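For reference, the structure discussed in these notes is given below.
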Amino acid sequence: MLNKRDSVGLIDIGSNSVRLCIYKGNMRNPDVLYNKKFFCGLGEYKPGTKEITKEAEKKCVNSIIFFNSILEEIKTNQNIAICTAAIRNAANRKQIVNKISKVFKGKVITLLGSEEAELAAKGVIAAIPDASGTMIDMGGGSIELASIHENQLSKIKSFPLGALNFEQKDKELKNFIKELSAKHKLQKNFYLIGGTFRSIARCYIHLNEMPLNEIHQLKIKKNDFKSLQSKISAFNFDQLTKVPKISIDRVKHLHIALKVIDQIFFNTQCEELIYPRYGVREGYIYSKLSKKLQNQDPTEISLDLIAKSRCRFLLFNEKSFKWIEKKYLKFKNKKLSDERLRVLRLACKISDLGWEQGSKNRAQYAFSSILNLPLIGIGYNEKIIIGYLIYLRHCKEILSKEDCDKKIEKIINFLTAEERAFGYEFGSIIHFLYSWTKGSSAALKNLSLKNDLQSQLELSNYQTISKANKVYKLFEQIKSF
């Protein structure tokens, strides 16, 4: 069992690559300190056999020897190597596992296909706690399927069909399609895991000039996929290699990923493809946590750590959310959904982010910082909304939505009109609360929207609040939303 302060070095020995990830921090949402892979091609067996070649074996062993040196540099509590389809299905499996065990300074596990599918699905749950649909993980040597509903898994299945052997496995392809159409036909959402699937997402981001280079919770609808498929098919190999963050090895197999996704849309009622940040590795870590840790909010964990290290007014940030919830919403007779309240509460936690920057750069810096955080447990749009709220908290042109928005228009254009209106309203409130109280919870305590601001000087009675004052104007503006 892992606890929240553990650190783990995890080597993922796949059909295409061998990768080391080192995780530290709270294991419900750990920081990735190191992430490096080598392409070894273990799944490219000797022709006509299921034997891993000597060349691939040597590359794998040398990769692990190198990773041992990294693990010695970055001390970890636990080191684990996970072997998947290439080794699981190899005729010389025992020989390869023995060689790995001799050189690796940790525990070596060879996963069954069903175990790999289960861990991949748990990775989806870890990253997207409310996930509901079918997980599909395509690696070099296998495809895994599992149904997810209310954190429970069913219909778990693995097929020895992957990017490296896809075109030689007609029988397995038919079995996979049969499984899709028989057991996953009614699913609306499919969660895609695997490097080749992620390369499709990279193409989608690049070709649609999306504002965030962010795969987590990226969603591709059926019609958008058809358009993407046409564009990718029209590109030659050299053009595809120019798409950011796609390796040459992945470009070789893009057409296979497109075929698999085609089968998903053709044989099921899938409406949307969804990309989680996590997969088998993170699913393994999640599976080793207690139920109590598994049930924690991973986004809140991340933002709490950031707040403690980079913000000044932790108590005020907490109280400002309570003020909005208990006083502002009550005064306006407004009701927010649980999802909106959560986004607002998370934004308030880190509303002081960027305080140390110069006043001209503060808003943009805070906005960029939030967009670049590797957050899980939160949607694509929600992440932009949080960034927008903190941007507005610092924005000097806060009284003019148009002036505020034009500096970040390319990114917030991705939001709906309702999301932008929500962001501006509550970003303005957070800005006002900071401007009026200077970060003092005591000054916040008796602040009322029912009274004129000039009569509420109290702790702020050293300043004159005239009707021409920016703070006064902002106070009147938030009352009029």
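The values are calculated or read from the model by the stated rules, or taken from the named source; none is laboratory data. Since the model is a prediction, treat every value here as computed from it, not as a measurement. In this analysis, Cβ positions are derived from the backbone assuming ideal geometry, glycine residues included, and neighbour counts consider all displayed protein chains. The protein model used for the area step is the full one, side chains on, heavy atoms only, and it has no ligands, DNA or RNA in it. Shrake-Rupley method; radii C 1.70, N 1.55, O 1.52, S 1.80 Å.
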Calculated from backbone phi, Karplus (6.51, -1.76, 1.60) coupling profile of segment 398-405 in Hz, x at Gly/Pro | 4, 6, 10, 4, 4, 5, 5, 6
Mean separation of Cα contacts under 8 Å (6+ apart) over length of the chain, as relative contact order % | 12
In terms of Cα to Cα distance under 18 Å, which aspartates and glutamates are near enough to K473, apart from those fewer than 8 places away along the same chain?
-> E397, E402, D403, E425, D452
Provide the FRET efficiency to the nearest 0.05 for the K94-E318 pair, computing r from the beta carbons and using R0 = 56 Å.
-> 0.50
Angle between the chain longest axis and helix 380-394 axis [Cα atoms, degrees, rounded to 10] = 30
Sketch the reach of a paramagnetic label on S154 as a point 7 Å from Cα along Cα-to-Cβ, and name the residues of segment 109-135 whose backbone nitrogen lies under 13 Å away.
-> 133-134
Top positive-direction residue, dipole computed over the chain with Cβ charges, set C83, G283, V8 = V8
Please get the size of the charge dipole for segment 262-309, origin at its Cα centre, with Cβ charges of +1 on Lys and Arg and -1 on Asp and Glu, quoted in debye to the nearest 20.
-> 440
Using only Cα atoms, locate the centre of segment 375-408 and the centre of segment 331-350, then give the distance between them in Å, rounded to an integer.
-> 15
Report the label-to-label distance for A421 and Y34 in nanometres (one decimal), using points 7 Å from each Cα along the Cα→Cβ vector.
-> 5.2
Quick one: accessible area per residue over the chain, 1.4 Å probe, rounded to a whole number of Å²?
-> 45
Taking K102 as the anchor, which aspartates and glutamates have their alpha carbon closer than 19 Å to its alpha carbon, excluding any fewer than eight residues away along the same chain?
-> D12, E55, E57, E72
Which percent, to the nearest 5, of DSSP beta bridges fully inside segment 1-110 are antiparallel?
-> 60
Where the only charges are on Cβ atoms (+1 Lys, Arg; -1 Asp, Glu), what is the dipole of the chain about its Cα centre, to the nearest 20 debye?
-> 620
Report, in deg cm²/dmol and to the nearest 500, the calculated mean residue ellipticity at 222 nm for the chain, where each DSSP H run with n ≥ 4 adds -39500 (n - 2.57) and the sum is divided by the residue count.
-> -14500 deg cm²/dmol
Can you give the net charge of the other residues whose Cβ lies under 13 Å from the Cβ of A146, counting K and R as +1 and D and E as -1?
-> -2
Please sort by residue number the trypsin sites (Lys or Arg not before Pro) in segment 227-289 whose DSSP state is loop and whose Cβ has at most 10 other Cβ atoms within 10 Å.
-> K242
Length gained if L207 through E325 is fully extended, taking 0.36 nm per residue and subtracting the Cα-Cα distance, is 38.4 nm
Which of S359, L228, C60 sits closest to the plus end of the dipole of the chain, meaning its Cα is farthest towards the positive end, when Lys and Arg get +1 and Asp and Glu get -1 on the C-beta?
-> S359
So, by mean Cβ neighbours within 10 angstrom, what's the order for 42-50, 6-14, 219-227 with the highest one leading?
-> 6-14, 42-50, 219-227
For Q477 and S359 in the same chain, what is the full-extension length gain: residue separation times 0.36 nm, less their Cα-Cα distance, in nm?
-> 40.2 nm
Among the DSSP beta bridges whose two residues both lie in the chain, what percent are antiparallel, rounded to the nearest 5?
-> 65
Stretchable slack from S441 to K188, in nm (0.36 nm times residue separation minus alpha-carbon distance) = 86.5 nm
Quantify, in whole percent, the carbon and sulfur part of the accessible surface of the chain (1.4 Å probe; protein heavy atoms only).
-> 49
Just in segment 323-352: which trypsin sites (Lys or Arg not before Pro) are loop by DSSP and have at most 13 other Cβ atoms within 10 Å?
-> K334, K335
